[in-house]
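Enquirer: The structure's right below; bear with me while I get my questions together.
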Amino acid sequence: RSSLPGLVSHDDAAFTAGRAAMLGAALAQGSAQLFAEAIRDRLHEPYRAKNAPLLERVRGDLPDGALGATLSGSGPSVIVWVRPDAADSCEEELARRFADASVLRFTVSAEGAGRA
């Protein structure tokens, strides 16, 4: 939390609040396009990105089938969000490109915690 500023601009707060609402719509509609736009952030990632040296490298060259990349918490972990049909190829490509990093594959449960 110490890397975050005490105040943020109205524009950045409104941008990220709008993306949070868009995320709900993206999930409800199952829209990959909306999801990719909704994961953009201006409240914490700009300040915490220095703790995740691979974030910009991944974002700058996303694997085919990836929707985007975000920080996991304050970093250094990076989450690469992918279409289900591209999970295998994205995992393989990331493991090849970032051989010194751990590439872990997770799935998202549609049923919630404890039901997967």
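Enquirer: Please find, within segment 74-92, the residue that is modelled with the lowest pLDDT out of those that are within 17 Å of D41 (Cβ to Cβ) and open to solvent by 50 Å² or more (accessible area, probe 1.4 Å).
Expert: Of segment 74-92, the ones within 17 Å of D41 (Cβ to Cβ) are 74-81.
If we keep only those that are open to solvent by 50 Å² or more (accessible area, probe 1.4 Å) as well, we get 74, 76-77, 79, 81.
Numbers: S74: 76, P76: 87, S77: 90, I79: 94, W81: 95.
Among them, the one singled out is S74.
Enquirer: State all residues of segment 58-72 that are open to solvent by 70 Å² or more (accessible area, probe 1.4 Å) and outside any helix (DSSP H, G or I); if no residue qualifies, say none.
Expert: D61, D64
Enquirer: Out of all the residues in segment 1-57, which are under 14 Å from S74 (Cα atoms), out of contact with any Asp or Glu (no Cβ under 8 Å at 6 or more places or on another chain), open to solvent by 70 Å² or more (accessible area, probe 1.4 Å) and outside any helix (DSSP H, G or I)?
Expert: R1, S2, P53, listed by residue number.
Enquirer: Do the conditions hold for S102, that is, is it under 18 Å from the mean Cα position of the chain (by Cα) and either open to solvent by 60 Å² or more (accessible area, probe 1.4 Å) or closer than 12 Å to L62 by Cβ (or both)?
Expert: It is true that S102 is under 18 Å from the mean Cα position of the chain (by Cα) and either open to solvent by 60 Å² or more (accessible area, probe 1.4 Å) or closer than 12 Å to L62 by Cβ (or both).
The values are calculated or read from the model by the stated rules, or taken from the named source; none is laboratory data. As the structure is a prediction and not an experimental result, all values here were calculated from the model. Because the Cβ atoms are built from the backbone with ideal geometry, glycine has one as well, and the counts that use them run over all protein chains shown. Note: accessible area is taken over every heavy atom of the protein model, side chains too, but ligands, DNA and RNA are not part of it. Shrake-Rupley method; radii C 1.70, N 1.55, O 1.52, S 1.80 Å.
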